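Structure first, then comments.
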Amino acid sequence: MIYCPKCGTANRQGSKFCNECGAPLPATGLRCPMCGAMNPAGNLYCDRCSARLIPAERVPPEEEKPERPSPPKGISLPSVPLGEEEWLSELRAEALDLAPEEEAPGWPGELEAPGEPPTPEAAIPEWLAELEETVPEAPPPAEKPTPPLAGIPVPPSGEIPEWLRDVEFAPPIQEEPSAQPPPVAEVDVHAGMPSASTTVPPILIEGEEEILSTAPAEIPDWLKEAPAEAPPEYGGLVPAEIPEWLRPLQPREGVAVEEEPTETEGFLSGLRGLLPIGKGLDMPATAQPLLPRAPRPAAVARAELLQGLLSRPLITPPTAEIREAPRQSGWVLTRFLVGVILLAAILLPMLVRLPLFGPPTAPTAEALFATVNHLPGNTPVLIAWEYGPAESDEMDRVAGPLIEHLLRREARLIVVSTRMEGPAAAEALLASRLVDPSERSRRIANLGYLPGQAAGVREALGNLGGRTEAMTGLPASQLDIMADVHSIADVGMVVILAAQPDDLKTWLEQISVANPNVPVVAGVSARIELISTPYLAAGQLRGMVAGLTGGAVYERQLDTGWGREYEYYLTSIGMAQLAIAALTVIGALIFLVGGRKR
Amino acid sequence: MDRLVKRILPTSIAVGTGLLVLLGYLLPVPPLASVRDELIRWAVIIAAFAFILGFFNLLRVHSGRARKPGGIYSVILILTAMTSLVLTLAALLIPSLRFLGDWWFRYVLSPLQATVAGLIAFVLAVAAFRLLRHRREAGVLVFLVAALVVLLGTLPLPAPAGNWLANLRTWWMNVPAMAGMRGLLIGVGLGVLLVGLRVLTGSDRPYSD
């Protein structure tokens with residue numbers, strides 16, 4: 001099994017990739033140098049291309065060799081065992097029938113000593129006869145190379161090449177004549193076949209006996225200098241000289257080698273040469289006892305207390321009545337008093353006329369009144385109605401006099417809003433300020449809600465004529481007041497009525513890009529007056545009405561008859577502001593004197 | 001595939017659209033301006049459909065909450081939302097029924113919103129009363145003094161206290177408060193510019209998860 005290094009899945013031996021996650025598996029076999037295929041360890045030849053995997057110099061030893069017969073030279077057998085083909089089995093059976101074991105083939109007999117009668121040709125099976133033709137016949141004795149010996153007549157000079165004439169004949173080898181010479185060769189034709197191994201008697205060359213019986217020749221001088229007999233332990237090799245630095249490692253004779261101890265326990269049992277357990281190695285040098293020998297008195301006291309608690313009998317505790325946390329009566333009273341004071345401050349001016357405040361002042365509102373007063377008649381004015389019912393109590397008093405002033409100036413009012421409730425809020429105020437309702441279609445076009453925030457504003461400024469009147473459902477292009485108004489470029493003035501700072505910023509930014517030359521004025525709530533002032537100072541706003549005070553100033557300038565209402569509102573709000581200021585001071589004094597509560 | 005749909009595609013559309021609109025404003029080339037206007041028109045249409053989607057999503061969420069304890073408020077929300085929708089659609093389809101929508105807006109929505117907005121004054125009054133209950137720091141004292149100056153300076157009080165307070169309020173509004181407000185506006189402008197650049201470069205992707 002090969003375990004995947006990524007997911008740990010067990011894969012079959014020889015797998016290249018993990019079956020679970022597809023990660024490449026580490027190669028554990030041998031890679032073929034020819035085709036690159038991976039082969040299992042122990043293969044001698046590649047399973048794919050049959051190339052040799054292990055170099056010839058590194059042929060495994062005899063006991064590790066597979067039992068299969070080694071293939072003939074030049075042919076590599078795959079390591080995967082192949083099933084015997086059917087035709088080969090039939091052929092083998094036929095051969096066994098035709099060539100029983102007692103009838104040896106005739107061709108090996110030729111390798112035996114000459115003189116024996118050869119086996120009749122008919123006894124050789126046909127397949128064996130074909131094989132016999134492929135097996136090279138034993139070389140004739142005359143062709144066996146013989147060493148040049150002394151006494152042998154030198155062949156005629158005409159048969160010896162010229163370069164060999166000067167070569168001195170090798171010295172004769174002194175050899176004892178043997179009655180039984182060693183076998184020349186053993187032939188193993190095929191495993192499984194009838195035993196064909198035959199010990200071939202020595203083949204004597206013609207005239208060799210005469211040569212062997214000849215007295216030894218004289219040994220040349222160069223051979224006499226050689227040692228008479230090589231040391232048997234080195235197999236005829238001369239021992240090399242051991243270097244100086246290797247001599248201490250040389251085993252000494254007579255010194256007994258101490259056998260290393262073998263581990264007998266644990267998972268290392270059976271291994272030799274392990275480090276012995278030495279003193280100081282098996283436990284840390286600064287080992288401290290985990291617990292003190294004597295428990296501390298405090299720990300003993302706690303343990304005794306715990307033991308005493310545990311040994312007590314169980315007693316069901318009486319059901320405790322869960323009482324609500326006492327309300328903070330002071331806090332409730334505070335809120336009640338604040339509410340009563342504010343209500344009284346707001347309602348009192350409506351019941352009793354209180355001459356507490358003088359006439360309001362708002363220079364910006366007066367400047368705006370002058371600007372609108374110079375507006376030419378029948379000028380299209382785009383009004384961004386950016387407030388809803390929540391802010392209408394204040395913003396209606398801001399926008400009312402301005403709208404009425406524009407109507408008096410015969411301006412054509414084109415209303416849009418980015419707030420969904422804006423068109424309805426606009427319609428309510430416009431209806432109250434329009435003197436003659438029949439003139440609405442001639443004076444007012446409510447183009448409704450603009451979705452998309454800044455994108456909606458930008459789109460509307462460029463395409464005012466393409467919108468639809470919200471109240472009548474008519475296309476703006478069919479309205480009389482929109483006949484010459486197609487975009488912001490055709491508008492004479494823009495009025496922004498905003499209660500939130502973002503609405504004011506959005507409109508100012510988009511108008512400054514679409515048509516920076518158009519005059520822009522604003523009516524804003526008191527809350528965003530501070531944010532609007534920088535635009536007024538920078539000239540982006542030509543005029544501004546801020547809050548109820550600004551509306552009252554504009555109303556007074558316009559003299560519409562709504563002055564009494566503004567007086568009520570201003571007095572109520574002034575009283576509420578005074579009440580809040582007084583409460584702030586009283587609260588500060590109370591908590592400064594009484595201390596801080598957490 | 002998931003990465004393509006959730007990140008690469010929305011980012012490519014947002015960055016490409018933003019660059020086209022920006023180039024339409026920067027380069028005075030008619031084709032770019034027309035492409036810019038068309039893309040803005042698409043954005044408005046998508047925003048309108050987003051409102052419709054949000055309306056039905058609100059109904060879906062509160063219909064689930066209506067079955068739980070305390071779901072009476074969800075029931076009220078669903079009823080009022082459906083009433084507003086029906087009356088508005090009726091006014092659009094049948095012009096003679098427009099008075100119903102006007103009545104609903106004038107006598108239901110406006111008083112309710114004004115009442116809720118009016119509670120802000122009461123909450124602010126209580127908060128002003130308890131301003132020094134928990135914190136007594138220099139910043140709180142400065143805020144307290146500024147609030148008193150602005151509250152009293154706005155009132156048309158009789159002279160000479162009224163004039164002195166009005167002048168003090170005017171100075172306060174025009175010098176320290178204006179300086180702070182301009183700083184805020186510049187900071188907001190730089191922040192908007194930076195956010196726009198981050199969206200254009202794909203560093204911020206508010207349109208994808």
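Derivation of every value follows stated rules applied to the coordinates shown; laboratory data play no part. Since the model is a prediction, treat every value here as computed from it, not as a measurement. Every residue, glycine as well, gets a Cβ built from its backbone with ideal geometry; the counts of neighbours run over all protein chains shown.
Quick look at the numbers
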read-out	value
Helix B:176-201 axis, angle to chain B major axis (alpha carbon atoms, nearest 10°)	10
Sequence-separation-based contact order of segment A:363-579, relative, with Cα cut under 8 Å and 6+ spacing, percent	26
FRET efficiency for A:L246 and A:M34, using Cβ-Cβ distance with R0 set to 51 Å, rounded to 0.05	0.80
Nearest-ten-degree value, helix B:138-154 long axis tilted from longest Cα axis of chain B	90
When the convex hull of its Cα atoms is projected in every direction, mean area for segment B:56-171 (nm²)	13.5
Between segment B:180-199 and segment B:96-117, the alpha-carbon center distance in angstrom	38
Sites B:A127 and B:L93, calculated FRET efficiency, Cβ-Cβ separation with R0 51 Å, nearest 0.05	0.60
Sites A:L343 and A:R296, calculated FRET efficiency, Cβ-Cβ separation with R0 56 Å, nearest 0.05	0.25
